[in-house]
């Protein structure tokens with residue numbers, strides 16, 4: 001493969017384009033010597049790791065793993081919360097020539113066991129004793145030969161005479177000491193080891209559960225991940241050493257994982273949120289310039305703002321609603337008229353500034369991915385000065401296929417295609433992708449791999465189109481389209497997303513496959529609904545009693561009626577139920593990335609659904 005040259009936007013100097021993740025880290029260290037490459041909270045205080053420190057730690061992790069028998073081609077699992085230690089562990093594994101296998105901390109235990117055994121992971125990094133206790137039975141039944149405690153806590157499987165299954169337990173510092181000892185004996189071995197890593201080597205196996213069946217292992221090479229990180233860097237302007245990114249999404253998800261490589265490549269300071277609960281506090285502390293998110297976080301931020309406003313005097317509620325209605329007319333592609341600009345200025349002073357302050361006050365842009373984003377929500381945030389750039393991709397495409405830019409941002413679209421990636425629309429509307437970011441295949445599943453491709457084109461399973469200006473629009477999942485008994489097709493995700501925009505709806509699932517009409521199961525936003533009950537003097541002793549209340553059902557009927565106005569007649573929701581249950585990962589109704597397992601949910605409520613269609 002010919003080595004490409006990349007223009008350094010900040011110096012005008014042509015830089016060698018990295019081909020492996022090892023090269024990406026090394027070149028970043030040499031270019032920036034960033035004093036705050038990775039930052040996370042330890043004992044309530046922020047701790048910084050310079051790029052030189054990161055590189056040295058990665059070296060000792062890699063050499064320590066080699067001393068434990070890890071060699072090129074092996075697999076090592078990674079089960080920990082997001083932090084600087086996660087990223088250094090990831091890079092340490094990769095520098096040995098091995099591939100890592102990330103696990104979600106919310107992954108069902110039986111799936112952890114399956115992934116460890118299916119991937120033949122020889123060892124596992126574990127983030128804390130709490131996580132270890134959760135997964136120890138799965139680890140015991142796996143082929144892991146060692147467990148590394150990232151938190152440095154002592155871990156052990158032994159209980160009441162049980163044997164340890166031959167597993168060696170090592171703390172973080174003990175691993176680093178092994179690495180230092182190996183470096184002192186053979187100072188040049190680390191460089192030799194990482195230089196053996198090639199762009200077409202396997203870098204990671206990411207297990208994606210999809211919405212049915214056992215998890216499938218997506219194999220991504222160094223070229224897959226590096227090409228995506230570098231190609232995305234070419235379409236944005238960054239300020240090395242000055243820009244700050246706040247990372248709160250799990251790096252076990254390929255979206256955040258690739259973005260972290262992307263940040264390292266362009267010299268951005270990365271701060272890891274210490275928890276999702278502390279994200280609002282972290283935003284104010286860190287004052288980031290950019291971040292990545294999923295739509296649900298933006299929805300919750302806006303719902304929180306709405307809840308706060310509901311308790312304010314009437315005139316403040318009036319001003320807030322006026323400002324939001326003004327924002328709904330905001331168009332990032334059009335110049336504001338003088339009249340709109342004046343109104344926008346007042347709205348910014350009275351309302352929008354509070355939203356900006358909640359995000360730290362310095363946000364330049366936010367990239368949203370992982371799920372469809374409501375166009376109305378994108379307009380509200382963008383009007384408030386928090387520019388939202390929606391993108392699109394899949395685990396199998398490393399992941400980014402398309403993303404909006406600051407200078408080319410079309411709300412409702414997922415943006416233009418990124419450089420070096422090709423997209424075409426099949427005759428049935430499916431989005432097909434080709435490029436250096438497309439996966440190597442599914443681990444141990446040649447048949448599934450074969451079925452995922454049309455010649456060299458990867459079948460995304462998504463339906464969409466490209467408009468005349470080159471913006472990609474994703475309209476639905478191909479497999480989620482269903483046909484009513486009347487022969488009409490319905491795209492449920494569009495309707496579900498519209499319902500979820502309402503403050504009283506947490507999630508919704510639309511039913512109608514081979515049925516006479518569409519119906520819906522609604523899972524309430526309990527905080528908002530209980531606030532409604534309090535204001536309307538509705539007494540209740542349980543969530544079920546509240547869900548069955550007549551006034552509550554009238555409320556949700558009004559939500560359904562309002563949405564139905566924008567649907568074709570055959571798409572309208574004719575029957576619905578407000579449910580007192582919740583969808584959880586543990587009960588196998590959501591994937592670790594919070595996508596709904598439609599079939600499982602329908603099976604759970606089969607009797608209720610059938611009652612919708614009885615004469």
Considering only the chain, what is the antiparallel percent among its DSSP beta bridges, to the nearest 5?
55 percent
Once you sort the root eigenvalues of the Cα gyration tensor of segment 533-615 as a ≥ b ≥ c, which label holds: rounded (a/c under 1.5), prolate (a/b larger than b/c) or oblate (the other case)?
oblate
Report, in degrees rounded to the nearest 10, the 0 to 90 angle that the Cα long axis of helix 222-233 makes with the longest principal axis of the chain.
60 degrees
Between segment 543-560 and segment 492-533, what is the separation of their alpha carbon centroids in Å?
12 Å
Quick one: angle between helix 314-327 and the longest Cα principal axis of the chain, in degrees between 0 and 90, rounded to 10, please.
70 degrees
Taking the alpha-carbon centroid of each part, what is the distance from segment 88-133 to segment 417-473 in angstrom?
28 Å
Classified through the alpha carbon gyration tensor (a ≥ b ≥ c as square roots of its eigenvalues; rounded if a/c is under 1.5, else prolate when a/b is larger than b/c, else oblate), segment 233-297 comes out oblate
Expressed as an acute angle from 0 to 90° and rounded to the nearest 10, what is the orientation of the C-alpha long axis of helix 21-32 relative to the principal long axis of the chain?
90 degrees
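With contacts defined as alpha carbon pairs under 8 Å and 6 or more residues apart, what's the relative contact order of the chain in percent?
Rounded, it is 11 percent for the chain.
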CD proxy at 222 nm, helix term only [per DSSP H run n ≥ 4: -39500 (n - 2.57); per residue of the chain; nearest 500]:
-11500 deg cm²/dmol
As a percent rounded to 5, the proportion of antiparallel DSSP bridges among beta bridges in segment 290-471 is 65 percent
What number, in nm² with one decimal, is the all-direction average of the projected area of the convex hull of the alpha-carbon atoms of the chain?
30.9 nm²
Applying the gyration tensor rule to the Cα atoms of segment 321-421 (axes a ≥ b ≥ c; rounded if a/c under 1.5, else prolate if a/b exceeds b/c, else oblate), the class is prolate
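How high is the relative contact order of segment 290-471, given as a whole-number percent (alpha carbon pairs under 8 Å, six or more residues apart)?
Reported as a whole number, the value is 18 percent.
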Relative contact order %, segment 263-389, counting alpha carbon pairs below 8 Å whose residues are six or more apart:
38 percent
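Read-outs throughout are calculated quantities, based only on the coordinates presented, and are distinct from any laboratory measurement. All figures in this text were calculated on a predicted structure; none of them were measured in a lab.
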